[in-house]
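Below you'll find the structure, written out as structure tokens, and then a few comments.
The values are calculated or read from the model by the stated rules, or taken from the named source; none is laboratory data. These figures come from a predicted structure and were not determined experimentally. FYI the Cβ positions are ideal-geometry reconstructions off the backbone, even for glycines, and counts take in every protein chain you see.
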Amino acid sequence: MATVAERRKHRRFGVACRLAVELPTGRDIRVRTLNVSDGGAYFVADEVLEVGRQVHVRLTVPRDTANTYFLEQFAARAEIIRCDPSGSERLGAGVAVRFQPSLALDLA
């Protein structure tokens, strides 16, 4: 059985992080990620977003150490690289964004 070569540069992590996506109109969409990597994120939005659109994102990553729990903030420009409509307007769409440039999230 042949395997498909992995084309991703960055390992993905199934981490639910808060993500705010600022659209070019200035409107924010707040979502939770399904997975995230240094290179981008995948999330479900209430609406279909245009592939190729440039957005600004603010990502909140949970951190847990032996003695503390805190949230670390990251911000980046991003490009919408995929939008998978659910087929139902009520369910929104799965959206993939690529951070520009990549972030150092230190999730490993």
Would you mention how many residues in segment 33-72 are within 21 Å of residue 104 (Cα to Cα), exposed (fewer than 14 other Cβ atoms within 10 Å of the Cβ) and modelled with pLDDT of 95 or more?
-> 1
Strands (runs of 3 or more DSSP E) completely within segment 42-108 that count 3 or more residues being more than 20 Å from residue 28 (Cβ to Cβ) | 54-64, 69-85
